[in-house]
Amino acid sequence: MGKKRSRDVDQDVAMTDPTVEKKAGADEDDSSDEEDMDIVNVDFELFNYDSTIDFHGVKSLLRQLFDADSQLFDLSALSDLIVEQNTIGSTCKVDDKANDAYAFLTVLNLQEHRAKKPVVAQLIDYLCDRAKKSQGEEKETLATAVPELLAEGSKACVGLVLAERLLNMPAEVIPPMWRCMIDEIEAAVEDKEPYEFTHYLVVSRTYREVESSLDMGERKNKKARDEKGLQYFHPEDEEMRKHAVASGWYEYTKESESVADSKRAFQELGVKPAGFMMLIEADKFEKAVGAIAEYVGSAS
């Protein structure tokens, strides 16, 4: 690797989080048609990775990202790799750099690390297997393209994009993180570092609502569960997939039948998580990032 770079100034992203609105007039006239609202502004800051601080926060978010399949990987080794690559990607925090990350984003050169990092070899095998078993309108393309691009000896250079955030984080924090990463990749390429990708493979999560087995009783032999449409933990994924050459969702290999019930959260329908991946050509990646920035801005 070339010389290390650090941002001149850590990025400060100020925004209003609608989840922290507080009513000011609750003790006044409850019959009033209009109530004054106090809005708490939360400042989120983007930081370079720090190996002395960010290991545990990143590992926790990786466990959330890979869900039931997180036990298939050496998450400690993967976390180490991410935080040591401290000039590419960001953590998002509140108040102080020493706090755990509320969100993270990074990209890993799979071909560069596959021989020296066993966890990357594990990831490559896993992603190829899941792509072959993916579902969705573009599953045939995904099932063919991912194993070919990630095969040993392939001339393609695939960047694995890993991004996750706490569930109550506002989507507004995401576009600045992506834009920073694009700038950092461009700077790394100028410094002859191995980030000149031909494709980006974005790993994310999705879910479906399914009828809980707790309510099925004697009906379990009459008909299958009513599976609803695909939903996104990260709403911006729906916009980004429009720029992908292929995308698809896949079942977790370690998923058990009890998961939908354990994540039911007192609803009539259970939640069944699944993995989701998008394959984006490098020359379309910046446009995809611009599209999600526009989407998040229009949806807020």
- Pick from the range 76-102, criterion in a loop (DSSP other than H, G, I, E, B) and among the hydroxyl-bearing types (Ser, Thr, Tyr), ranking: modelled with the highest pLDDT: TYR102
- the range 148-180: number of residues that are within 21 Å of the chain's Cα centre (by Cα) and either hydroxyl-bearing (Ser, Thr, Tyr) or within 17 Å of TRP249 (Cα to Cα) (or both): 5
- Being among the hydrophobic types (A, V, I, L, M, F, W, C), closer than 23 Å to GLU238 by Cα and out of contact with any helix residue (DSSP H, G or I) (no Cβ under 7 Å at 6 or more places or on another chain) is the filter here, so list the residues in the range 109-146 that pass it. ALA145
- Yes/no for SER70 being surrounded by 18 or more Cβ atoms within 10 Å (Cβ to Cβ), touching a Lys or Arg at 6+ places or on another chain (Cβ under 7 Å) and free of Cβ contacts under 8 Å to residues at least 60 places away in the same chain: no
- Could you list, in sequence order, the residues of the range 46-75 that are in a helix (DSSP H, G or I), more than 11 Å from ARG165 (Cα to Cα) and of a type outside the set (Lys, Arg)? PHE55, HIS56, PHE66, ASP67, ALA68, ASP69, SER70, GLN71, LEU72, LEU75
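Within the range 76-86, restricting attention to residues that are among the aliphatic types (A, V, I, L, M) and touching a residue at least 40 places away in the same chain (Cβ under 8 Å), which residue is surrounded by the fewest Cβ atoms within 10 Å (Cβ to Cβ)? Talk me through it step by step, then tell me what you get.
Taking the range 76-86 first, the residues among the aliphatic types (A, V, I, L, M) are 77-78, 81-83.
Okay, now just the ones that are also touching a residue at least 40 places away in the same chain (Cβ under 8 Å), so 77-78, 82.
Numbers: ALA77: 14, LEU78: 22, ILE82: 26.
Filtering first and then ranking leaves ALA77.
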- Query: Got a number for residues in the range 108-147 being in contact with a Gly (Cβ under 9 Å, 6 or more places away or on another chain), farther than 19 Å from ALA163 by Cα and among the aliphatic types (A, V, I, L, M)?
  - Reply: 2
- Note on the structure: Only unsatisfied item for GLU211, checking (1) more than 19 Å from the chain's Cα centre (by Cα); (2) modelled with pLDDT of 95 or more; (3) surrounded by 17 or more Cβ atoms within 10 Å (Cβ to Cβ), is (2)
- Query: Got at least one residue in the range 247-264 being at pLDDT 90 or above, part of a loop (DSSP other than H, G, I, E, B) and either of a type in the set (A, V, I, L, M) or more than 29 Å from ILE124 (Cα to Cα) (or both)?
  - Reply: no
- Query: Looking only at the range 87-128, which residues are polar (S, T, N, Q), farther than 14 Å from CYS180 by Cβ and crowded, with 17+ Cβ neighbours inside 10 Å?
  - Reply: ASN109, GLN111
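So that you can scan it fast, the table gives a plain yes or no per residue for (1) modelled with pLDDT under 95; (2) among the acidic types (Asp, Glu); (3) not in a strand (DSSP E or B):
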{"site": "GLU140", "(1), (2), (3)": "yes, yes, yes"}
{"site": "THR144", "(1), (2), (3)": "no, no, yes"}
{"site": "GLU148", "(1), (2), (3)": "no, yes, yes"}
{"site": "GLU152", "(1), (2), (3)": "yes, yes, yes"}
{"site": "ALA156", "(1), (2), (3)": "no, no, yes"}
{"site": "MET169", "(1), (2), (3)": "yes, no, yes"}
{"site": "VAL173", "(1), (2), (3)": "yes, no, yes"}
- Could you tell me whether ALA131 is buried (at least 22 other Cβ atoms within 10 Å of the Cβ) and within 22 Å of LEU230 (Cβ to Cβ)? yes
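Yes/no matrix, rows are residues, columns are (1) in a helix (DSSP H, G or I); (2) at pLDDT 90 or above; (3) closer than 26 Å to THR144 by Cα; (4) touching a helix residue (DSSP H, G or I) at 6+ places or on another chain (Cβ under 9 Å):
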{"position": "LYS220", "(1), (2), (3), (4)": "yes, no, no, yes"}
{"position": "ASP226", "(1), (2), (3), (4)": "no, no, no, no"}
{"position": "VAL271", "(1), (2), (3), (4)": "no, no, no, yes"}
{"position": "GLY275", "(1), (2), (3), (4)": "no, yes, yes, yes"}
{"position": "MET278", "(1), (2), (3), (4)": "no, yes, yes, yes"}
- Query: Within the group GLU152, GLU164, GLU140, which residue is closer than 27 Å to SER90 by Cα and of a type in the set (D, E, K, R)?
  - Reply: GLU164
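The values are calculated or read from the model by the stated rules, or taken from the named source; none is laboratory data. In this text, all values refer to a predicted model and were calculated from it rather than measured experimentally. Neighbour counts are summed over all protein chains in view; Cβ atoms, including those assigned to glycine, are modelled from backbone coordinates with ideal geometry.
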